Amino acid sequence: MSVITLPNATLDTNGNDTSGSAEAVARFDAAFDLLLRYHPDVVGAAEGLATTDASLPIGQAFVAYLSLMTTDVPDLAGAREAAAALDALPKNEREAAHAAAINAWVDGRWHAAARTLDDLLVRWPTDTLALLMGHLLDFFVGDSQNLRDRVGRSLPSFDPGHPRTGFVRGMHAFGLEESGHYERAEAVGVEAVERNPNDVWGIHAVVHSYEMRGLVDDGIRFLRSREADWGSGNLFTAHNWWHLALYLLEAGRYDEALAIYDAEVHNDASAGVSLEMLDASALLWRLTLDEVDTGDRYAKLAAAWERQVSEEPWYVFNDFHAVVALCGAGRVADARAMIERLERYVADTPVQPGTNRAVAAEVGVPVSRAVVAYTEGRHDDVVAGLLPIRRVFQRFGGSHAQRDLLQRTLTESAIRSGQLDLAHALVDERLSQRDTSVYGLFRRSRILSAQGQDERAVAAWKAATANRARFSAAS
Ligand SMILES: [Fe+2]
């Protein structure tokens, strides 16, 4: 019996039927392997797929996703172009499911895109493109459980010896971390990184597991010892440097944190992409909360945000961080104008769950207003704005570590508005999760002192100082 081979069909490296010649599919696989490592050459590889392999459906899907995953409005045009090209091509069922997910995402239906990729992965669990993009979508919509579970559902289908399995474990580590399984996240992440030292996402998962447990010295040592693997030569450097800077804030090493900001997070040569600038905003805001002078950095950052944020609301997590930069730069009127634009967008856009409009209304606009209130010293308003929604902050995206600036803003305003019992409770909540938190212990000391409990205030201050000394010695 002869075996009939379908024309223009081949298996990709995951063993899934893929439309196109073996050579073209191999070029897609090679491009995806670059993306798994956040290698800068992925941009050129995608351009090659868009032109040389324009009739390759999975190639057009890859190009569309690569534009969407930046969350930047200017990249939407490229995503739409690739999505249209993909729509026009003959596709198999899996590729058609990718097209449906991409069209939902391009259309601003972020949750629908994530769910479509969930469904795709039920049928084709080893589709690593669907897995990675679904993972990123879970991150963008703050779905911490699915960050864990989407990968968990697929992982058993991967051969342990497959070259991509380690990277899938790196994704699983991040999902475990965001779901609160910190020890397991560390173990799975370290194993992934041992297998692929350039798995910068896996490195990042381990870094988060230290951050959430207040293991600052471990985090500093982990990152410094592996700096050659993550510190340069990939598209994820700024974020991992940002994490190192967070550790250094806990250690009171503000000059080093600012040096990292200048060299690695944001400077005149930065690409000006939102995913990097939001970390810049968040780092400066933490410094503001600690009353550290940040010089003219906010002004430069706010100008960079202005070049990036367009009139077309797309991902309010970015808009919020632009508001932070504008407030930090003292440009409160411009921040208000940005918020008013978001409010008009909320009012004028039909209500649809799982969209940027829904998240902007529920979280994005209120938290942006709170930052303006903080800047104007209206601390009662900050508390009134943030306290009722603090349990749903995650819906507007990012990680627990990224959103922590909101919890810190709330705590600081609770202190400054004299709501000391609330402030005390918020700090106790933090310290119950990471009892080494220098930030938490110093705040606890401040609150206790204001409450007249001098002896306990001194004890908290001594604990903070001792932890800070230990973290300061780490390298
Ligand atoms: Fe992170």
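The values are calculated or read from the model by the stated rules, or taken from the named source; none is laboratory data. Just so it is clear, the structure is predicted and the values come from calculations on it, not from any experiment. We place every Cβ from the backbone using ideal geometry, glycine too, and count neighbours over all the protein chains shown.
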Completion exercise
When (1) more than 12 Å from the ligand (Cβ to nearest atom); (2) assigned to a helix (DSSP H, G or I) are applied to residue 198, the one that fails is (2)
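Residue-by-condition table, conditions (1) buried (at least 22 other Cβ atoms within 10 Å of the Cβ); (2) free of Cβ contacts under 8 Å to residues at least 60 places away in the same chain; (3) under 15 Å from residue 141 (Cα atoms); (4) within 16 Å of the ligand (Cβ to nearest atom):
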residue: 355; (1), (2), (3), (4): no, no, yes, no
residue: 366; (1), (2), (3), (4): no, yes, no, no
residue: 379; (1), (2), (3), (4): no, yes, no, no
residue: 399; (1), (2), (3), (4): no, no, yes, yes
residue: 407; (1), (2), (3), (4): no, yes, no, yes
residue: 421; (1), (2), (3), (4): no, yes, no, no
residue: 436; (1), (2), (3), (4): no, no, no, no
residue: 442; (1), (2), (3), (4): no, yes, no, no
residue: 445; (1), (2), (3), (4): yes, yes, no, no
Exercise for the section: Would you tally the residues in the stretch 290-303 being small (Gly, Ala, Ser) and either modelled with pLDDT under 95 or part of a loop (DSSP other than H, G, I, E, B) (or both)? Expected result: 1
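Quick grid of which residues meet (1) part of a helix (DSSP H, G or I); (2) modelled with pLDDT of 95 or more; (3) not aliphatic (A, V, I, L, M):
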site: 2; (1), (2), (3): no, no, yes
site: 23; (1), (2), (3): yes, yes, yes
site: 27; (1), (2), (3): yes, yes, yes
site: 32; (1), (2), (3): yes, yes, yes
site: 43; (1), (2), (3): yes, yes, no
site: 55; (1), (2), (3): no, yes, yes
site: 71; (1), (2), (3): no, yes, yes
Exercise for the section: State whether the residues of the stretch 325-347 include one that is under 30 Å from residue 175 (Cα atoms) and part of a helix (DSSP H, G or I). Expected result: yes
Fill in the blank from the handout: Here the residues within the stretch 211-222 that are more than 12 Å from the ligand (Cβ to nearest atom) and on the phi < 0 side of the Ramachandran plot are 213, 215, 216, 217, 218, 220, 221, 222
Practice task
Determine whether the stretch 281-295 contains at least one residue that is farther than 23 Å from residue 416 by Cα and in contact with a Phe, Trp or Tyr (Cβ under 8 Å, 6 or more places away or on another chain).
Solution key: no
Practice task
Test each condition in (1) within 29 Å of the chain's Cα centre (by Cα); (2) not assigned by TED's automatic domain parsing to the domain that holds residue 289 for residue 465 and report the one that comes out false.
Solution key: (1)
Fill in the blank from the handout: The residue that is nearest to the chain's Cα centre (by Cα), considering only those in the stretch 67-111 that are surrounded by 18 or more Cβ atoms within 10 Å (Cβ to Cβ) and among the basic types (Lys, Arg), is 109
Practice task
Please state which of the following conditions residue 249 fails to meet, knowing it meets all the rest: (1) part of a helix (DSSP H, G or I); (2) more than 23 Å from residue 144 (Cβ to Cβ); (3) more than 15 Å from the ligand (Cβ to nearest atom).
Solution key: (3)
Exercise for the section: From (1) more than 21 Å from residue 162 (Cα to Cα); (2) in a helix (DSSP H, G or I); (3) within 15 Å of the ligand (Cβ to nearest atom), pick out the condition that doesn't hold for residue 234. Expected result: (2)
Exercise for the section: Give just the number: which of (1) in contact with a helix residue (DSSP H, G or I) (Cβ under 6 Å, 6 or more places away or on another chain); (2) farther than 23 Å from residue 275 by Cα; (3) within 16 Å of the ligand (Cβ to nearest atom) does residue 170 not satisfy? Expected result: (2)
Exercise for the section: Enumerate the pairs (first residue in the stretch 201-219 and within 9 Å of residue 182 (Cα to Cα); second residue anywhere and within 11 Å of the ligand (Cβ to nearest atom)) with beta-carbon separation below 7 Å, excluding pairs fewer than 6 apart on the same chain, so at least 6 apart or on different chains. Expected result: 208/174; 208/177; 208/399; 208/401; 209/177; 212/177; 212/400
Practice task
Answer with yes or no whether residue 97 is of a type in the set (A, V, I, L, M) and either out of contact with any Ser or Thr (no Cβ under 8 Å at 6 or more places or on another chain) or at pLDDT below 95 (or both).
Solution key: no
